[in-house]
Amino acid sequence: NAGVMQNPRHLVRRRGQEARLRCSPMKGHSHVYWYRQLPEEGLKFMVYLQKENIIDESGMPKERFSAEFPKEGPSILRIQQVVRGDSAAYFCASSPPDGSNQPQHFGDGTRLSIL
Amino acid sequence: AQSVAQPEDQVNVAEGNPLTVKCTYSVSGNPYLFWYVQYPNRGLQFLLKYITGDNLVKGSYGFEAEFNKSQTSFHLKKPSALVSDSALYFCAVRDARTGGFKTIFGAGTRLFVKA
């Protein structure tokens, strides 16, 4: 059973470019979560999605950030016009649909560096 | 609103000694509580969870945690620490009352186990 797969593992962008981070959840998981982690800090919730629906995006910045989880294919976290402050590790997690008492399974993250 | 507090940024313990990593939480309803561990350049790994029932829950790698409703705490413990336990530990909570999947993580506690 493959775990949560995130790619790329490392992404370098120049200011003003777009960053696209991909996440394939574990097989059978229909819930996807995105978190941001700054160095030496905890995880900050960004967004929670189910297939084709955004359930909770209360942690997403109002501008430049968007997320989707289409019917087919991976979940995508998109950051437009990146700035230096977007440099961080972005983690995706997934969980099964059978109850909110299940733990989340995490990918190994995408480390985004903005030049 | 849900919240989690990990009052210690860092815990130092000698190998072979017992360890405790503290966590307190706040939710409107009953909590679902989780502990995760993060090693360098990796995603979070699930250690254990409390959903209902016995207040003492056992998890991976010899870790256990005690749910204390009156003190709203869920401290992580291990009777005898190993150097390989050195990592970043996160406590997390969900509100069972809302039936939702949104998980709030604490800021993390870095554990150093000295040989």
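Data overview
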quantity: Gain upon complete extension [B:Ser60, B:Glu8; 0.36 nm per residue less C-alpha separation]; calculated: 16.5 nm
quantity: Simple label model, 7 Å out from Cα along Cβ direction - A:Ile55 to A:Gln17, nm; calculated: 3.4 nm
quantity: Furthest towards positive pole of dipole, B:Tyr25, B:Leu88, B:Val113, structure part chain B, Cβ charges; calculated: B:Tyr25
quantity: Protection proxy ranking, peptides B:84-96, B:28-40, average beta carbon neighbours within 10 Å, highest first; calculated: B:84-96, B:28-40
quantity: Average other protein chain Cβ within 10 Å of Cβ, residues A:35-48; calculated: 4
quantity: Cβ-derived FRET efficiency at R0 35 Å, B:Gln71 paired with A:Arg9, nearest 0.05; calculated: 0.30
quantity: Tally of Lys pairs whose C-alpha atoms are under 26 Å apart, taken over chain B, 8 or more apart or cross-chain; calculated: 23
quantity: For residues of A:100-112, the mean tally of beta carbons on other chains within 10 Å; calculated: 6
quantity: Average beta carbon contacts from partner chains per residue of B:101-110, 10 Å cutoff; calculated: 6
quantity: Choice from B:Phe46, B:Phe63, B:Phe105 with maximal GNM fluctuation in chain B (Cα, 10 Å cutoff); calculated: B:Phe46
quantity: Intensity falloff of the protein assembly as shown expressed as log10 I(q)/I(0), Debye formula with alpha-carbon point scatterers, at q = 0.12, 0.14, 0.18 Å⁻¹; calculated: -0.66, -0.89, -1.35
quantity: Proximal charge balance of A:Tyr35 [Cβ under 12 Å; K/R count +1, D/E count -1]; calculated: +2
quantity: Within-14-Å neighbourhood charge of B:Asp95 [Cβ basis; K, R +1; D, E -1]; calculated: +2
quantity: Dipole of chain A [Lys/Arg +1, Asp/Glu -1 at C-beta], most positive-end residue of A:Ala89, A:Gln102, A:Asn53; calculated: A:Ala89
quantity: Gaussian network model of chain B, springs between alpha carbon atoms under 10 Å - residue of B:Ser80, B:Ser70, B:Ser60 with greatest fluctuation; calculated: B:Ser70
quantity: Max mean-square fluctuation residue, GNM over chain B, Cα-Cα springs under 10 Å, options B:Asn41, B:Asn12, B:Asn68; calculated: B:Asn41
quantity: Over chain B, relative contact order from alpha-carbon pairs under 8 Å, at least 6 apart, %; calculated: 38 percent
quantity: Theoretical FRET efficiency, 1/(1+(r/R0)^6), r = Cβ-Cβ of A:Ser66 and A:Ala2, R0 22 Å, to 0.05; calculated: 0.25
quantity: Cα-centred dipole magnitude for the protein assembly as shown, charges only on beta-carbon of K, R (+1) and D, E (-1), debye, nearest 20; calculated: 540 debye
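Rule-based calculations on the coordinates, nothing more; no lab input. Quantities reported herein were computed from a predicted structural model and do not represent experimental measurements. Cβ: placed from backbone, ideal geometry, glycine included. Neighbour counts: every protein chain shown.
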